[in-house]
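Following: one structure in structure tokens, then a few remarks.
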Amino acid sequence: MGAFQPSDDETHDLGTTSARWQNVHADKLVISGAANDASTLTSTLGGHLTIGGAGENQILNIASHDTVDGGLQLAGTLVTASAAELNFVDGVTSAIQTQLDAKAALAGPTFTGTSEADNLTVTGNLKLSGHTIQNSEGESTLTLDTDQKVGVGGVAPSHMLDVNGDIRVRGNVIRNSEGEATISMDADQHVTTAANLTVGGKTVLGAPTTLTISNGAVTVTKSYHMISPEGDAGADDLITINGGVDGMILILQAAGNDAITLKHNSGNLKLAASGDFSLTNTAETIQLIYNDTIDHWCEISRSSNGS
């Protein structure tokens, strides 16, 4: 038997909707469109199916898959991804994110580009190919150099920690390399060292501020003050000094030529055996230390330097 073909082109049907052939057995089945068109559907021995005239050696091969009037559709939606893009999920057998996480851990990836996420969580090491971390304005906020130095505030660090600006410590303790509290701070701006404090340069108390006696008392705010009398009295007695903390050193001097007399054992002052001491000019001073155990200021020294 030779070729089985209709007598006219595009005229006769093979079977009908009510009288269909059951099976068609062929080495190769080709269904094409108009005359001289490339094959539209080709089925070859071995289960290969080609749509659109593409090669015939793949299980399913669709030519021009991403065109509007052809291609592969799933539930009525055209698949526009290319074969290379679809190959990205090759081997994915569970949730895509789980697979990506597993592959990323093996690949040791390098992230490039911009992350738009509000938070970035890194469970392993984070390696920067550059040296800076920038804020939203593109300004360098954190700088890391190859010597493990860290710069904060847009500076190239010259020390292990180089900060361009103020430092705020949220805790109250700065510790040494052994984890021991070395410097402590409290809410009243008091700073305490756990051991010796060595000053290589000068220790400066700063310029004295003037306190005016009120009902025989003053309240100190620093370690160096000048004292003036209450009102226009011309002279006054100082009986009580408030504001002391244990171990605090205090130096007092007269604000002018008005006599200020510190009264021994009248309030919280304990002076030397010679008793009361008068500051009569700005050249005369007295030095005291606060003893919290007895709640008194105790005299260390006095100087009557004259006018």
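Couple of notes before you dig in:
- Region 202-229 - residue that is of a type outside the set (Ser, Thr, Tyr) and loosely packed, with under 13 Cβ neighbours inside 10 Å and, of those, farthest from the chain's Cα centre (by Cα): Asn215
- Test for Thr293: is it out of contact with any strand residue (DSSP E or B) (no Cβ under 7 Å at 6 or more places or on another chain) and at pLDDT 95 or above: yes
- Listed by position, the strands (runs of 3 or more DSSP E) enclosed by region 191-240 that each have at least 1 residues that are within 15 Å of Asn257 (Cα to Cα) and among the polar types (S, T, N, Q) are 209-212, 224-228.
- Being hydrophobic (A, V, I, L, M, F, W, C), surrounded by fewer than 10 Cβ atoms within 10 Å (Cβ to Cβ) and more than 30 Å from Pro229 (Cβ to Cβ) holds for only one residue in Val155, Val199, and it is Val199.
The values are calculated or read from the model by the stated rules, or taken from the named source; none is laboratory data. Note that the structure is predicted; figures quoted are calculated from it, not measured. Here Cβ is always computed from backbone atoms with ideal geometry, including for glycine, and neighbour counts include all displayed protein chains.
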